[in-house]
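A quick write-up on the structure given underneath.
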Amino acid sequence: MIPPKLTESGGWVNGITHHPTPNSSWGMQVPSGVSGLIFHTMVGNLPGTDSVFMNPSFQASAHFGIAQDGEIIQWVSVQGGIAWAEAAGNPNWYSCEMADDANTYNPYTQAQLDQAGQLAEFLSRIGIFPLLVTVSVSGEGLGTHAMGGLAW
């Protein structure tokens, strides 16, 4: 799969399927309040995660999701939208769910890695954060859900 050319218009990324979720809020300060991008594991696949994020009773969401074949869905705007993925970290971090076929030990596919890399680079230009790994919620860059502990 050839990664889409990413361009931003009104908070939605062109070349990516948009499926706005009711499970989000507004108020992320872009770019000054953006710390970086957090990658999550779906513990499932894109269709099931999309279904959960579209159901208000789950109160869960992420900005993006990437399937094993590289398909990307965007649920939340990158220009002020707050996804409900990191709890205490929601106002400051973009989030991306990575499909894993319900097995957190499954490695990412090459298509997922290609798309995740392009997405991270693109979001770093909107949120103005470094493309470096961080292990701290007070840092900036690319992190994981686990770094936030119970507050996340």
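The values are calculated or read from the model by the stated rules, or taken from the named source; none is laboratory data. On a predicted model such as this, the values are computed, not experimentally measured, just so you know. Quick reminder, even Gly has a Cβ in these numbers, built from the backbone with ideal geometry, and neighbours come from all protein chains shown. With ligands, DNA and RNA removed, areas are computed over all heavy atoms of the protein, side chains included. Shrake-Rupley method; radii C 1.70, N 1.55, O 1.52, S 1.80 Å.
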As a test question: what accessible area, to the nearest 10 Å², does residue 71 have when a 1.4 Å probe is rolled over all protein chains in place?
70
Working with all protein chains in place, sort 28, 54 by solvent-accessible area computed with a 1.4 Å probe, largest first.
54, 28
Ordering 26, 12 by accessible area with a probe of 1.4 Å, largest first, what comes out?
26, 12
Helix-only CD estimate at 222 nm, as mean residue ellipticity for the chain, using -39500 (n - 2.57) per DSSP H run (n ≥ 4):
-5500 deg cm²/dmol
Accessible area per residue for the chain in Å², computed with a 1.4 Å probe and the full protein assembly in place, what is it?
47
Between residue 118 and residue 146, what's the calculated FRET efficiency when r is the beta-carbon distance and R0 is 35 Å? Round to 0.05.
0.90
Just to make sure I understand: if all protein chains stay in place, what is the order of 49, 17 by accessible area at 1.4 Å, largest first?
17, 49
Pick out, in residue order, every one of the chymotrypsin sites (Phe, Trp or Tyr not before Pro) in segment 63-142 that is DSSP loop and has at most 11 other C-beta atoms within 10 Å; say none if there are none.
105
Would you mind listing how long the chain runs along its three principal axes, going by Cα atoms, in whole Å with the largest first?
33, 33, 29
Per-residue counts of other Cβ atoms within 10 Å, averaged by peptide: what ranking do you get for 39-45, 56-62, 76-82, highest first?
76-82, 39-45, 56-62
